[in-house]
Amino acid sequence: MNSSKKKLWNNFFSHVYVERDAYDYSLTREILSKLRYREIIEINDYKSAFSKNNQNFRIQKNSPNIIFAVKKENYIYKGAKVCESFGNDNFYYTSSIVNCIYNCEYCYLQGVYTSANIVIFVNIEDMFNEITNFLKNDSMYLCISYDTDMLGLNNITGFIEKWYGFAEKNKNLTIELRTKSDNIAVLRNKNINKNFILAWTLSPENFIKEHELLTAKLENRLKAIKEVISLGYSVRICFDPIIYIKNFEEEYGDLIEQTFSYIKNSDILDVSIGTFRISKEYLKRMRKNMEDSSILMYPFTCVDGVYSYSEERNLYMINYVKNLVLRHVNDNKVYI
Ligand code: SF4
């Protein structure tokens, strides 16, 4: 068992909040039966436990609670401009879970939410219904793991099985599951659906140790990738976000060499490369929580409300990584 899983299963959740309406869902009972907790608190509206202003995301992150809720509206959202659509039309994302068991220093969720508590929306069937209605007229490209790491949390939620089953029934739906986990047991023994894309974010090992706390080690992510490739899955590699760190060239050089010692061009669907970028409002909140973060306190440049490295620095970082990737992967598979 890797360290991230050990941490998750050794750590029980001190408080579990359950919206009154959420009690009626069998999924709530199913997930509750897998949790260890000190106390259940019934609430009327999950926002009373989640959206309070006097919370500290960073402190809660050390010991998050779980909230069961029923999502009332906004089941799917249009993909943001700063996110890659990989040439797909009708790019959407959905949040059946909000917040994450991992603790990445640069995670944008700490800029979006005031709470690090994990919200599980148990009316997943309502999301499926809305997507099914959309699919009657059009295809959809849907990212399901932007606001969490769904694979990392799957031992509790079982949501991967539900999304996988839903994707199998809808041939004009392409799903992307993004992860930093190696928790792939759920992906074994399935009928392979090439439209269910497994996308791994990869970072240099030293960076993972210091800044992507509780996530799977690089080597373990690569072993997981190799295994799912052998099972026949569509796999995407994401060098995104690239962060300007000490010994940037050496660290990212080693990362790319190590990655492609495990994976061949023909094994993967594509590669995504992108530097750290974040909306102005989110960065403001993140910096307030993490004044000691060298990643977040970098003097970024703001263009059209989005902070990133200067144009020159961005170009250098992207070209450096891209040129190394192109030694192993065909140009037409690389998205920037
Ligand atoms: S794995 Fe993703 S969602 Fe989870 S903390 Fe890291 S950046 Fe945030």
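The values are calculated or read from the model by the stated rules, or taken from the named source; none is laboratory data. Only a predicted model underlies this, so the values are computations on that prediction, with no experimental measurement involved. Don't worry about glycine lacking a Cβ; one is built from the backbone with ideal geometry, like all the others, and counts go over all protein chains shown.
Overview of results
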| item | result |
| --- | --- |
| Near pairs, Cβ below 6 angstrom, 6+ apart or cross-chain, from segment 91-115 (without any contact (Cβ under 8 Å) to a residue 60 or more places away in the chain) to any residue that is small (Gly, Ala, Ser) and within 11 Å of the ligand (Cβ to nearest atom) | Asn99/Ala116 |
| Hits in segment 78-107 (condition: within 16 Å of the ligand (Cβ to nearest atom) and among the aromatic types (Phe, Trp, Tyr)) | Tyr93, Tyr102, Tyr106 |
| Conditions (1) part of a loop (DSSP other than H, G, I, E, B); (2) under 28 Å from Arg287 (Cα atoms); (3) more than 16 Å from the ligand (Cβ to nearest atom); (4) not aromatic (Phe, Trp, Tyr); number of the one not met by Ser48 | (1) |
| Single match in Tyr17, Tyr75, Tyr106 (criterion: among the aromatic types (Phe, Trp, Tyr), in contact with a Pro (Cβ under 7 Å, 6 or more places away or on another chain) and not in a helix (DSSP H, G or I)) | Tyr106 |
| Residue satisfying condition, being at pLDDT below 95 and more than 20 Å from Ser272 (Cβ to Cβ), within set Asn172, Asn220, Asn193, Asn155 | Asn155 |
| Hits in segment 161-180 - residues which are more than 14 Å from the ligand (Cβ to nearest atom) and among the polar types (S, T, N, Q) | Asn170, Asn172, Thr174 |
| Top-ranked residue of segment 301-326 - restricted to ones that are free of Cβ contacts under 8 Å to residues at least 24 places away in the same chain and not in a helix (DSSP H, G or I), ranked as nearest to Asp254 (Cα to Cα) | Leu326 |
| Residue in segment 68-77 that is within 14 Å of the ligand (Cβ to nearest atom), within 19 Å of the chain's Cα centre (by Cα) and modelled with pLDDT under 95 present | no |
| Odd one out for Ile242 among (1) farther than 15 Å from Ser145 by Cβ; (2) in contact (Cβ under 8 Å) with a residue 40 or more places away in the chain; (3) within 12 Å of the ligand (Cβ to nearest atom) | (3) |
| Residue count, segment 243-277 (criterion: crowded, with 20+ Cβ neighbours inside 10 Å and closer than 23 Å to Tyr113 by Cα) | 3 |
| In segment 275-296, the residues that are closer than 23 Å to Tyr320 by Cα, among the hydrophobic types (A, V, I, L, M, F, W, C) and part of a loop (DSSP other than H, G, I, E, B) | Phe276, Ile295, Leu296 |
| Of all residues in segment 123-160 being within 13 Å of Leu27 (Cα to Cα) and outside any helix (DSSP H, G or I), the one that is farthest from the ligand (Cβ to nearest atom) | Asn123 |
| Hits in segment 207-227 (condition: away from the ligand (no atom under 16 Å from the Cβ) and surrounded by fewer than 18 Cβ atoms within 10 Å (Cβ to Cβ)) | Glu219, Lys223, Lys226, Glu227 |
| Residue within segment 206-220 that is of a type in the set (S, T, N, Q) and touching a Ser or Thr at 6+ places or on another chain (Cβ under 7 Å) present | yes |
| Residue within segment 257-275 that is farther than 28 Å from Ser96 by Cβ, away from the ligand (no atom under 16 Å from the Cβ) and aromatic (Phe, Trp, Tyr) present | yes |
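Here's the yes/no breakdown for (1) among the polar types (S, T, N, Q); (2) buried (at least 22 other Cβ atoms within 10 Å of the Cβ):
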| residue | (1), (2) |
| --- | --- |
| Ser95 | yes, no |
| Glu105 | no, no |
| Ser115 | yes, yes |
| Phe121 | no, yes |
| Ile124 | no, no |
| Asn129 | yes, no |
